[in-house]
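Trainee: If you scroll down you'll find the structure; I have some questions about it.
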Amino acid sequence: MEKKRLGDLVGAFMTLRPRLLAMAQARLGNRALAEDLVQDTWIRLETAQSDSSIANAAGFVSQVTRNGIRDHFRKERRRAEIDAEVRDLLWEQADEVSAERAVMGRDMLARVQAALEELPEKTRRIFLMNRIEGVPHRKIAERLEMSDEAVYYHIRRALEHLAHLRDAMND
């Protein structure tokens, strides 16, 4: 990006930062998350490609922040869908537990464990950290020095593998 254009964007960001933070916090309801999203805006501006068509630096910076907020909600919605799939896959509504159901449950658990063992070590580790230990995607990404998207990919890969098992058991 040419120096003048980058300077315009950085200047607009610095001027608008308190307003961007307030907007993000109002939409997200979480100060720390709002700080992260505003920081992501800064990173996106620093890594942006040159685009001489940006006539309004302040408007561009605000739009980048709004897009980040939208992306966050989209990711959260998908994570909620994945969580619902896992609950549906692993937990049935509890009704009366019979000896037959207990045997079926042990069999299902053994199959799930075997299916998890079939996964690559890294995928299995990430899936178990998230779904069993309850470690958030971002913390896993930090611990394993990878992107949030990579963490999401590994979890999705494990869920797809378990979904195949579910489908095979339902046939």
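The values are calculated or read from the model by the stated rules, or taken from the named source; none is laboratory data. Note that the coordinates shown come from a computational prediction; the quantities given were computed from them, not determined experimentally. Here the Cβ positions follow ideal geometry from the backbone for every residue, glycine too, while neighbour counts run over all protein chains shown.
Trainee: If you scan region 42-55, which residues turn out to be within 20 Å of I69 (Cα to Cα) and either at pLDDT 75 or above or not in a loop (DSSP other than H, G, I, E, B) (or both)?
Mentor: Those that are within 20 Å of I69 (Cα to Cα) and either at pLDDT 75 or above or not in a loop (DSSP other than H, G, I, E, B) (or both): W42, I43, R44, L45, E46, T47.
Trainee: Just to be sure before I move on: is A99 of a type in the set (G, A, S) and either in contact with a helix residue (DSSP H, G or I) (Cβ under 9 Å, 6 or more places away or on another chain) or closer than 25 Å to L33 by Cα (or both) in the structure I sent?
Mentor: Here the answer is no, as A99 does not meet what is asked.
Trainee: Just checking, does region 117-130 include any residue being over 22 Å from the mean Cα position of the chain (by Cα) and in contact (Cβ under 8 Å) with a residue 40 or more places away in the chain?
Mentor: yes
Trainee: Does any residue in region 150-164 that is within 13 Å of R125 (Cβ to Cβ) come within less than 6 Å, Cβ to Cβ, of a residue that is at pLDDT below 90 and in a helix (DSSP H, G or I) six or more places away or on a different chain, and which pairs are these?
Mentor: From residues that are within 13 Å of R125 (Cβ to Cβ), the pairs are V151/H137.
Trainee: Something else: Residue by residue through region 84-103, note down the ones that are at pLDDT 75 or above and surrounded by 13 or more Cβ atoms within 10 Å (Cβ to Cβ).
Mentor: Answer for region 84-103, where residues must be at pLDDT 75 or above and surrounded by 13 or more Cβ atoms within 10 Å (Cβ to Cβ): E85, V86, R101.
Trainee: Return yes when A168 is surrounded by fewer than 13 Cβ atoms within 10 Å (Cβ to Cβ) and either over 26 Å from the mean Cα position of the chain (by Cα) or hydrophobic (A, V, I, L, M, F, W, C) (or both) and no when it is not. Give the derivation first.
Mentor: Details: surrounded by fewer than 13 Cβ atoms within 10 Å (Cβ to Cβ): yes; either over 26 Å from the mean Cα position of the chain (by Cα) or hydrophobic (A, V, I, L, M, F, W, C) (or both): yes.
The answer is yes for A168.
Trainee: Mind listing just one residue for me: the one in region 136-156 that is surrounded by 17 or more Cβ atoms within 10 Å (Cβ to Cβ) and not small (G, A, S) and, of those, modelled with the lowest pLDDT?
Mentor: H137
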